[in-house]
Amino acid sequence: MHTATVPKAERFGWWRDLLMQDLPSAHIVSEHYEDFQGSTAALELGPIRVSVLSFSPLSSARTAGLIRRSDPELWELGYMTRGIMTVDQAHSHTQVGAGDLLLYDTSQPWQMQVPQGGGLTILHLPKTAVPLPDRSMRDLLSRRLPVQGTGSLLAGFLQGLAGGGQWSELEAERLGAAAVQLASAFLGGLADREGLLPPETRQTVLLREVKAFIEAHLPEPRLSPQTIADAHCISVRYLHQLFRSEKQTVSALIRDLRLDRCRTDLAQPCYAHCPVAAIGARWGFSDAAMFSRAFKSAFGMPPGEYRKWSGTRRSAGDHPDGFAGPASLYDLRDLN
């Protein structure tokens, strides 16, 4: 929603009121009250929310009093898309510009200034969804975070979300869970490199990094325990040790994720004219016969038959007995 649709005299108040429906309470002021320009969009990705904002020059302050009134207990991971912003929180001062990531906390006061206007995409992360100690997270607050490695993947992901799109409910759930996984892997990897994590947490962080890597490289046919281990500078043996507490082995996880993505595509009308084998190849199944056998084993019918069945049942949105399918990597129950 954009202020262009609102009379000039009402734009700033309208934008600020709309913003406060989606963001933690804060005092927001702007010298451009008479000619304020801004937009806001709230993306609901399952239980995860993303805010996409643009705005004229402004200042924002979240005070101790506002925190006492209401605190959603979120880590706010922001990606600056335009402009320059200065942030003060937890006795730390930083300046971020376009292409930078930063982290701030709804449970602590902050002050922010955007002197020339800007754009910001915010991933609202429930603290209970991030498997990192509060101490290590606090040490990352109000800093310019490096956009490299997993950070680059996360930034690109947030850019894609900010670009808009149409998603089914299932796709939105997956996108939200993927955002949590990528953010956790990024923040955990950064905290580990800076020695902020206890040993028992490092394995959890590494496992998240591995899962985020698998998700990002799922379409690549060569994805395997060996390539995953090499990318993370660990042995294949240690990789398998990381998965001992998981429901699946590494290879089974890759296979089931690919099958789950294929199943989703086969049910989408936009892929109705795409050959079944091409959909399999799109998610890393280079052998069409192998894909067909694996799909039938998982879902009880060949992929072509499943496409016809889903077309007749699409409006119902349910599954017949025995077609629950493999678990997703980003099952939100596993994030707690």
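Restricting the search to segment 64-89, which residues are among the charged types (D, E, K, R) and either in a strand (DSSP E or B) or touching a strand residue (DSSP E or B) at 6+ places or on another chain (Cβ under 8 Å) (or both)?
If the condition is that a residue be among the charged types (D, E, K, R) and either in a strand (DSSP E or B) or touching a strand residue (DSSP E or B) at 6+ places or on another chain (Cβ under 8 Å) (or both), then 73, 76, 82, 88 are the ones that fit.
State the number of residues belonging to segment 1-42 that are within 18 Å of residue 76 (Cα to Cα), touching a residue at least 24 places away in the same chain (Cβ under 8 Å) and either out of contact with any Lys or Arg (no Cβ under 8 Å at 6 or more places or on another chain) or among the charged types (D, E, K, R) (or both).
Final tally of qualifying residues: 5.
Please go through segment 187-222 and pick out each residue that is among the aliphatic types (A, V, I, L, M) and either modelled with pLDDT of 80 or more or farther than 24 Å from residue 76 by Cβ (or both).
187, 190, 191, 206, 207, 210, 212, 214, 216, 218
Out of segment 1-41, which residues are over 26 Å from the mean Cα position of the chain (by Cα), among the acidic types (Asp, Glu) and in a loop (DSSP other than H, G, I, E, B)?
Correct list: 31, 34, 35.
Does residue 94 meet the test of being of a type in the set (Val, Ile, Thr), within 25 Å of residue 27 (Cβ to Cβ), surrounded by 14 or more Cβ atoms within 10 Å (Cβ to Cβ) and in contact (Cβ under 8 Å) with a residue 60 or more places away in the chain?
So residue 94 does not fit the description; no.
Which residues, counting only those in segment 251-300, are among the hydroxyl-bearing types (Ser, Thr, Tyr) and closer than 17 Å to residue 222 by Cα?
251, 286
Being more than 24 Å from residue 180 (Cβ to Cβ) and either surrounded by fewer than 21 Cβ atoms within 10 Å (Cβ to Cβ) or of a type in the set (Ser, Thr, Tyr) (or both): is that true of residue 21 here?
It is false that residue 21 is more than 24 Å from residue 180 (Cβ to Cβ) and either surrounded by fewer than 21 Cβ atoms within 10 Å (Cβ to Cβ) or of a type in the set (Ser, Thr, Tyr) (or both).
What number goes with the only condition from (1) surrounded by fewer than 19 Cβ atoms within 10 Å (Cβ to Cβ); (2) among the aliphatic types (A, V, I, L, M); (3) in the same structural domain as residue 44 (by TED's automatic domain parsing) that residue 170 does not pass?
Residue 170 satisfies every listed condition except (3).
Suppose we filter segment 299-309 for residues that are surrounded by fewer than 19 Cβ atoms within 10 Å (Cβ to Cβ) and within 14 Å of residue 259 (Cβ to Cβ); how many remain?
Summing the residues that are surrounded by fewer than 19 Cβ atoms within 10 Å (Cβ to Cβ) and within 14 Å of residue 259 (Cβ to Cβ) in segment 299-309 gives 3.
Residue 57 is checked against (1) modelled with pLDDT of 90 or more; (2) closer than 23 Å to residue 154 by Cα and fails just one. What number does that condition carry?
(2)
The values are calculated or read from the model by the stated rules, or taken from the named source; none is laboratory data. In this text the structure is predicted, and so the values were computed from the model without any measurement. Here Cβ is always computed from backbone atoms with ideal geometry, including for glycine, and neighbour counts include all displayed protein chains.
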